[in-house]
1. Collect the residues in segment B:222-237 that are more than 7 Å from every other protein chain (Cβ to nearest Cβ) and of a type in the set (G, A, S), keeping them in residue-number order.
2. Within segment A:71-96, count every residue that is more than 7 Å from every other protein chain (Cβ to nearest Cβ) and either touching a residue at least 24 places away in the same chain (Cβ under 8 Å) or assigned to a helix (DSSP H, G or I) (or both).
3. Tell me whether segment B:154-170 contains one or more residues that are modelled with pLDDT of 80 or more, of a type in the set (G, A, S), farther than 16 Å from B:V275 by Cβ and surrounded by 20 or more Cβ atoms within 10 Å (Cβ to Cβ).
4. Condition (residue is buried (at least 20 other Cβ atoms within 10 Å of the Cβ), under 30 Å from the mean Cα position of the chain (by Cα) and away from chain A (no Cβ under 14 Å)) applied to segment B:201-213: is it met by at least one residue?
5. What number goes with the only condition from (1) modelled with pLDDT of 90 or more; (2) over 11 Å from the mean Cα position of the chain (by Cα) that A:L19 does not pass?
6. If a residue must be more than 14 Å from chain B (Cβ to nearest Cβ) and either under 8 Å from the mean Cα position of the chain (by Cα) or without any contact (Cβ under 8 Å) to a residue 24 or more places away in the chain (or both), how many such residues does segment A:3-16 contain?
7. Go through B:L356, B:L383, B:L342 for me and flag whichever is open to solvent by less than 50 Å² (accessible area, probe 1.4 Å), at pLDDT below 75, in a helix (DSSP H, G or I) and of a type outside the set (K, R).
8. Taking segment B:1-26 on its own, how many of its residues are more than 7 Å from chain A (Cβ to nearest Cβ), closer than 21 Å to B:V447 by Cα, of a type in the set (A, V, I, L, M, F, W, C) and assigned to a helix (DSSP H, G or I)?
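The values are calculated or read from the model by the stated rules, or taken from the named source; none is laboratory data. What you see is a predicted model, and the numbers here were worked out from it, not measured in a lab. Every residue, glycine as well, gets a Cβ built from its backbone with ideal geometry; the counts of neighbours run over all protein chains shown. For the accessible areas, the whole protein counts, side chains as well, though only heavy atoms, and no ligand, DNA or RNA atoms are used. Shrake-Rupley method; radii C 1.70, N 1.55, O 1.52, S 1.80 Å.
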Amino acid sequence: MPEVPALGEFEQMVLLAVLRAGQGDAGAYGVTVFDALAARSGRRVSRGAVYMTLDRLEQKGLLASYQTTPTAERGGRARRCYRATRPALAALRASRRALVRLWDGLEALD
Amino acid sequence: MPARLLIRLVGADLAESILGDLEEQRSRRAQRSRAGAALWWRWALLAILIQAAWTRLREQARSIRGGGLATGGWLEVKSAWRGLRRAPGYGVATTGVLAISLTLAVLVFAVVDGVLLKPLPYPRSGELAAIQAGWTSRPSFAGALTVSGSDFVAWRTVAPDVRFAAFSLGGAEQIDEGDRAIGADIGAGFLEVLEQRPILGGFAPEHFTTSQSIQPALITYAAWQRRFGGDPSLVGRVLPGDSGRAIRVVGILPPSFLFPTSLGRFVPEVLTPLVERPNAADDRGRGLLVIARVPAGVDRRGFEARLQAATADVARRFPKRPNQPGAGPFDLVRAIPFDTALRSSARLPFSIVFALAAALVLLACVNVTGLAAARAQDRRRELALRRALGAGGGQLIRLLVVENAILIAAGASVGVGAASLLLPFVAALLPPDIAVLKPLAIDMRVVAFAVAAAAACVGVTAFWPARVTLAGELRPVLTDGASTTPRRMGLGRRVLVSLQVALALAMAIGGALLVGSWARVWQQNTGYEVGSTVHVWMNARSATTWTDIDSLLNTVRNIPGVRAAGGSDMWLLQRAVRGNTFAEPAGVKVTSNVESFGVTTGFLETTGLAPVEGRWLTHAELTTGAPVAVVSQRVAREFWPGQPAVGRVLLREARPYDVVGVVPDARYLSLDLEPDGAIYFPLSANQQPSLISLFVAFDRRPSDALKDITTAITTQHPVFRVRRAQPLTSTLADSVKGRTFQALLFAVFGVAAVTIAGAGILGLAATLASRRTREVGLRMALGARPGGIARLMIRQHLAGAWAGIAIGAMLGAWLAHGVGSFLYSTSRFDPLAWGAALLVVMGTIAFGALVPALCASRVDPVRALRVE
């Protein structure tokens, strides 16, 4: 069984934002991922950190990307859309399970 | 460019998608506010760049540590960072001082690089020459003029071994919904001379021989990207154009193309063909700018002589040019290397400004050195402890250098970021006669300069703190407490204070002189009314008649709120001499330049030129072209010294004109140039009258009606083209834009220098005062009064400042000598400017010394003696 990669807190948030933004019509790309994070994370998010994390997750094989058709609105440039890979889903599930186990019995603090 | 930097940091693929995302959001935000969207875009890109740079730096550091290299270096970075976090005030002050100076230095370098350093972006640019014509009697005006089509044709004929090209700056072309772009007309061979080829399409030969109902046009790459999103289907599309004449896009220019008279923000984006005229040999009415590619083998002097002979021949064949006095005849032709032609006027001022920027960075370095040395002094106990624990002297110095390097890097980053935000404003302030040979942007060259300047700062500021750290043995600091810490200002600190004061005073003097000179320019009387008048700079698409002009004037007069409208063939406030078509009286030696202006009805009402003798031209005379003229006081004095001018006769093309009045002198060349002599006659007397300057006086605020005037002219009188319509105050301001830019720049430098010096002196004084707490407490316990303590400390602190003021005065005199040629009616030793500069600098020094001294004098002796 392949080893599940460990995820940092921000990486988890970005992966979840990719999954959420991917459900929309526009797909998950820089703008929608940032919007999803800003709307749901409840904290200030750096645009640059989002792009750097997306790039790092792709290099780790946790995200795959594809390009759309260039449009005039984007100055003749294409969108780079992301989707989560199987290892990413496995890593997210593992993180969630670990957190749930750690929270077990501490619900009163919630 | 930031985009290129981003590509370097994150790779081309990711950079493209990030830039696309930003562009997408910018275009959405632009629907609410264009300016806001542009600002947001810059901030967002800057934030991403900083984040990307930080990420890459961390990765590099990780890889270095992973490889087992320079572990000690990384530890020093961490240690220095921890040290700085314990002294946030010092970090903020140092970073702030460096950020101010580096912002200005980066801004200045970005402009200087484009104006002076960047090579011309044309292949074998050394072969290119600007061909300029003028008069031997007024050599300073050679180059300020356009030449006639006849001269251009004659030059092409006598120099077939040289490739010539002509062009002219046109009006504004509408290429987008509600958006206008600057246009230019280019002649056949223009792109070939510059060795540029469109990346898409191009002009066909017939475009230069036959006038087309829909004008073909080339669009610059930047306009294509910015306004049309790089849409390749633009080629072939028809756009609104100007004055009811549409344009068809026939090609796209390459990204590297730069228009050869790239006049600051007036960069042409739409190029239309300059159609050859069938009777080109007699094409006297057209004003052209000419460039040539002179092959290396052609003798330049011989080439100039051939052109001069051809121009002399044109002057012989067409000696009189009643309709276009400024088109010649010329007797001086020069082939000026293109590099010189574009840059000569800018070399001295920009060199001085660059030197000032370097001096400001030096001032900041001196300042930071003083603060860093004081901090090193205060940290002697900590440093002694480190040494006792086994750290070597080299390691301690490295720690201080790394600490400074972190602050300088932060200052440089803030400087580059702030400069990128301020650069568009600086570009808008650049005088239009300054040729900028690259888009003004924070590109790799500018970033490299910032890095080099920051590295120089690290080098300069490292020396003194290191000396302080290693001076003497550190061990006694641990054994004897802080008693070894010097409490008086030593020689080194006095030198630092003197240097700061000297540099600040010199720059303040420079700023005060330029600002004072600028203020004097604006005190000059133009001689005509300015307040509620609009100036419209016009040209015509083809030959015009008096009926066309009269009809246009009537249209404009019917616009609501218009009090009067009149016009002339003068090139108002363009610094352009056009000449005089009237013969000077025989036997009179005229020393002033005299200009003759054809004027229309309404000219008197809009300009308010009240006659001082005789009368103005009547409505009937102005509409029928009667042979009557009005002269200015200067002409009256020079033509008929000591005698009345009214009743005299002047000859124009062998036709006698009666002088019926004398009016005051007026400044038509520029606000900062003395008035020339002027002769006014009815414009309708010309067979082909041309209207160039239209004056419209309003009962209300003129800026509200600019659109009404432009719309009325372009829709009802398509034969005319509006080049620019603006309040007359703006035209006046444009004529001295160079002075405004200089004054603003020097003022900013002066203020920044005084601020930096003030902050440095305040910091030093505060450090010294805090060290003397125990001494002050003892003095007060022995009966000293707070006033006496404050006076003592101020006196001791100012000891270093007097030498600085003396050196600063000498530096100021040297700087005043350098900027002397930019001053208007202002002496280099203007007492007002020098006094103001001295007052501000001394006030700043006194404030810097006074605040810590007052704080020290309020010390409670009991508490002070308990300290340490």
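1. Hits for segment B:222-237 are B:A222, B:A223, B:S233, B:G236.
2. Counting residues in segment A:71-96 that are more than 7 Å from every other protein chain (Cβ to nearest Cβ) and either touching a residue at least 24 places away in the same chain (Cβ under 8 Å) or assigned to a helix (DSSP H, G or I) (or both) gives 16.
3. As a first pass, look at segment B:154-170 and keep what is modelled with pLDDT of 80 or more: B:154-168.
Filter again for of a type in the set (G, A, S), leaving B:154, B:159, B:165-166, B:168.
After this cut, where a residue has to be farther than 16 Å from B:V275 by Cβ as well, the list is B:154, B:159.
Next, only the ones that are surrounded by 20 or more Cβ atoms within 10 Å (Cβ to Cβ) stay: B:154, B:159.
Yes: segment B:154-170 contains one or more residues that are modelled with pLDDT of 80 or more, of a type in the set (G, A, S), farther than 16 Å from B:V275 by Cβ and surrounded by 20 or more Cβ atoms within 10 Å (Cβ to Cβ).
4. No: segment B:201-213 contains no residue that is buried (at least 20 other Cβ atoms within 10 Å of the Cβ), under 30 Å from the mean Cα position of the chain (by Cα) and away from chain A (no Cβ under 14 Å).
5. Status for A:L19: all satisfied but (2).
6. Going through segment A:3-16 one residue at a time, the tally reaches 6.
7. On the way: B:L356 fails: at pLDDT below 75; B:L342 fails: at pLDDT below 75.
None of the other options fit; the residue is B:L383.
8. The number of residues fulfilling the criteria is 7.
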